[in-house]
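A quick write-up on the structure given underneath.
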Amino acid sequence: MSLNINSLTTGYGQQKIIEQLSVEPIQNGELVAVLGPNGVGKSTLLKAIARLQKYQGDVSLDGEILSQLALSESARRIGYLPQTLPQATSLVAYEIVFSACRAVKPELSKSYIEQIIEKTFSQLGITHLALKQLAQMSGGQRQMIGLAQVLIREPRLLLLDEPTSALDLHWQISVLQAVKQNLAQTGGIGLVAIHDINLALRFCDKVLVLSPDGLVVMGKGEQVLTAEVLRKAYGVKGRVEQCSQGYPIVLVDEAMSA
Ligand SMILES: Nc1ncnc2c1ncn2[C@@H]1O[C@H](COP(=O)(O)OP(=O)(O)OP(=O)(O)O)[C@@H](O)[C@H]1O
């Protein structure tokens, strides 16, 4: 069982943002970072896979072509977290998360949903936010609730668009640990668009790098993030080294002039 992306082309009007993208199958339990500079098309790619954006080509999950499924069926399989923060409302976090789960999986019993909410809030370390109104939360706290809303549905495919952008160091690590744990438990597949390459290297099984000149590479981060790929994708002079704990890290020496 896997996620397959073949010849995916998408964009806005006449403007093609992603052209003929094909990548090696992404397997159960794998978390793949979608990397690349601002405006290269990371969000557009995730939106296309989530069926929020028209595309040509094939995207299939577990052998099923997603565009052929009823929207309600793909919503059950896909958990998409947009880049924008959840709206500040007067509802408390628990209510929001509960109703989002009910809307997508109406067959689940109230007690089962309550159990997974408790488990997920505890995994994310946000139990203390359960009864707080979204309107009274910080941006980072709202981002955590948005993520909880997606994880609780236990989707086959997680599409997370910059889930750590509003988070401090502690929560960045907690979130990626919780996502990894969620995928290990459910056997799901995750794609995460992220700007912090070092977080991607630390937590993601593979990286998919999109570059403005159309170069696309995918593989283990420490193998594919060569000096040339860093230059082409980001316009920087950089290198991958190993930190004292054995993790690969990207060090950037300078931004190169265009
Ligand atoms: N709704 C839209 N209509 C027209 N063009 C759009 C729209 N949304 C995005 N774009 C354009 O598509 C391109 C890719 O945008 P996208 O948001 O996918 O990039 P990204 O890699 O996620 O960028 P960032 O890292 O800045 O979030 C950009 O040139 C952007 O201006």
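Data for the structure
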{"quantity": "Ranking of Leu134, Leu169 by count of other Cβ atoms within 10 Å, fewest first", "calculated": "Leu169, Leu134"}
{"quantity": "Rounded to whole Å, sorted largest first: equivalent-ellipsoid semi-axes of the chain, Cα gyration tensor", "calculated": "30, 23, 17"}
{"quantity": "Among Ala88, Ala148, Ala70: highest mean-square fluctuation, GNM of the chain, C-alpha pairs under 10 Å", "calculated": "Ala70"}
{"quantity": "Cα gyration tensor shape of the range 118-230, rounded if a/c is under 1.5, else prolate or oblate by comparing a/b with b/c", "calculated": "prolate"}
{"quantity": "The range 165-241: translational diffusion in µm²/s, Stokes-Einstein, Kirkwood Rh over Cα pairs, 25 °C, 0.890 mPa s", "calculated": "181"}
{"quantity": "FRET efficiency for Glu64 and Ser109, using Cβ-Cβ distance with R0 set to 41 Å, rounded to 0.05", "calculated": "0.95"}
{"quantity": "Segment Thr9-Gln133, length gained on full extension (0.36 nm per residue, minus Cα span)", "calculated": "40.6 nm"}
{"quantity": "Helix-derived mean residue ellipticity, 222 nm - over the chain, DSSP H n ≥ 4, -39500 (n - 2.57), to 500", "calculated": "-10500 deg cm²/dmol"}
{"quantity": "When each of Lys54/Lys105; Lys132/Lys180; Lys105/Lys220; Lys42/Lys180; Lys110/Lys206 is checked by Cα-Cα distance, pairs over 31 Å", "calculated": "Lys105/Lys220; Lys110/Lys206"}
{"quantity": "Label-point separation in nm, Leu169 to Ser99, each point 7 Å along Cα→Cβ", "calculated": "3.9"}
{"quantity": "Approximate spin-label separation Ser22-Ser72, in nm, with each point projected 7 Å along Cα-to-Cβ", "calculated": "3.6"}
{"quantity": "Net lengthening on full extension, Lys119/His195 (0.36 nm per residue, minus Cα-Cα)", "calculated": "24.5 nm"}
{"quantity": "Inter-label distance for Thr89 and Lys237, nm, one decimal - labels placed 7 Å from Cα along Cα-to-Cβ", "calculated": "5.2"}
{"quantity": "Whole-Å semi-axes of the range 101-140's equivalent ellipsoid (Cα gyration tensor)", "calculated": "22, 13, 8"}
{"quantity": "Proxy reagent accessibility, fewest Cβ within 10 Å first, across Val40, Val150", "calculated": "Val40, Val150"}
{"quantity": "Extended-chain gain in nm, criterion 0.36 nm per residue less alpha-carbon gap, Ser257 and Asn38", "calculated": "77.2 nm"}
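Values in this text are rule-based calculations from the coordinates and carry no lab data. Not measured: the values here are computed from a predicted model. Positions of Cβ are backbone-derived with ideal geometry, glycine not excepted, and every protein chain shown enters the neighbour counts.
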